[in-house]
Amino acid sequence: MRKVRISPGKYYHLFNRAVNKQVIFHDTSDYVRFLFLILYFQSPIIFPQIGRLVKNYVKRLVFDTLDEDKIIKRRTVELVSFCIMPNHFHLIVKELGDGGISEYMHRVMTAYAKYYGTKYNKSGHIFQGTYQAVHLTSDRQLLYLSAYIHRNPREISKYRDEYDNYKWSSYSDFIKENRWGDLLLPQVILGQFKNKNKYKEFVDTSTAKLLGEELEHIHIL
């Protein structure tokens, strides 16, 4: 049983890692597939041709679907921020309806596991058990967690000094143009800063030591 009680109107840090910390996002199609799932599975709408949508995105950098308004009207969770790393992921999500996060994460992780198993001819679990959820109880926690999530790509040498260009994170959507419209709702965080540049300054100056001090007590690190 999950220890955290998930309630509507609350914000949660959701995360999971691959079994044995193995890489589970190998190429662009893998990242795009998981990105589609976390964006479009916010509602119970079924997408029968996800593979085609992913291929179109890889070619044109846009998901060719007209269902965004339907998703927004029917969604049971709101996605605030995300980061997809080679062997794990982080999300900040708001629960809108009872069981929304549970159903959302079940659909996302099951769909990706089936896709991964088929593509790479793998059997068994790819994720390290069920996802983890941490209730965020204050604006301060939201702010520092978002900085921690958005700085994650610094673990990759290529992006250590250019993590604002990491495509599989919402950081660029916070400090530049939001690529996903109302499918991503960062305002609960950005609204606490004078402008996007101030948020960028906050993230860029939030050192690992500072983030550790701020987040350790709520068992995020």
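Computed from backbone phi, the HN-Hα couplings of region 46-53 come to 9, 10, x, 10, 4, x, 5, 4 Hz, rounded to whole numbers (Karplus: 6.51 cos²θ - 1.76 cosθ + 1.60, θ = phi - 60°; Gly and Pro given as x).
Packing-wise, with mean Cβ within 10 Å as the measure, how do 169-180, 21-32 rank, highest first? All intermediate terms of the calculation are to be shown ahead of the outcome.
Working: 169-180: 18.4, 21-32: 15.9.
With the highest mean Cβ count within 10 Å placed first, the list reads 169-180, 21-32.
Helix 196-205 and the longest principal axis of the Cα set of the chain meet at an angle near 80°. The 3J(HN,Hα) values that the Karplus relation (6.51, -1.76, 1.60; θ = phi - 60°) gives for region 7-18 are, in residue order, 10, x, x, 9, 9, 9, 8, 10, 7, 7, 10, 5 Hz. Gly and Pro appear as x.
Here the Gaussian network model covers the chain, with springs between Cα atoms less than 10 Å apart; of ASN152, ASN121, ASN197, ASN121 fluctuates the most. Put a dot 7 Å past the Cα of LYS122, heading toward its Cβ, do the same for LYS55, and the two dots end up 2.3 nm apart. Is the shape of the chain rounded, prolate or oblate, going by the alpha carbon gyration tensor and its root eigenvalues a ≥ b ≥ c, with a/c under 1.5 for rounded and a/b larger than b/c for prolate? Because its axes are fairly even, with a/c under 1.5, the chain counts as rounded.
For the chain, the longest principal axis of the Cα atoms and the long axis of helix 100-120 meet at an angle of about 60 degrees. For VAL77, the amide hydrogen comes within under 5 Å of the amide hydrogens of LEU96, counting only partners 5 or more places away or on other chains and with H modelled in the peptide plane. For region 128-137, 3J(HN,Hα) computed residue by residue from phi via the Karplus equation (6.51, -1.76, 1.60; θ = phi - 60°) reads 7, x, 6, 5, 9, 10, 10, 6, 9, 9 Hz, glycine and proline entered as x.
Axis angle, to the nearest 10 degrees, between helix 28-40 and the longest C-alpha principal axis of the chain: 80 degrees.
Laboratory data are not the source of any read-out in this text; all were calculated from the coordinates shown. Predicted model only: the values in this text are computed from it and were never measured. Don't worry about glycine lacking a Cβ; one is built from the backbone with ideal geometry, like all the others, and counts go over all protein chains shown.
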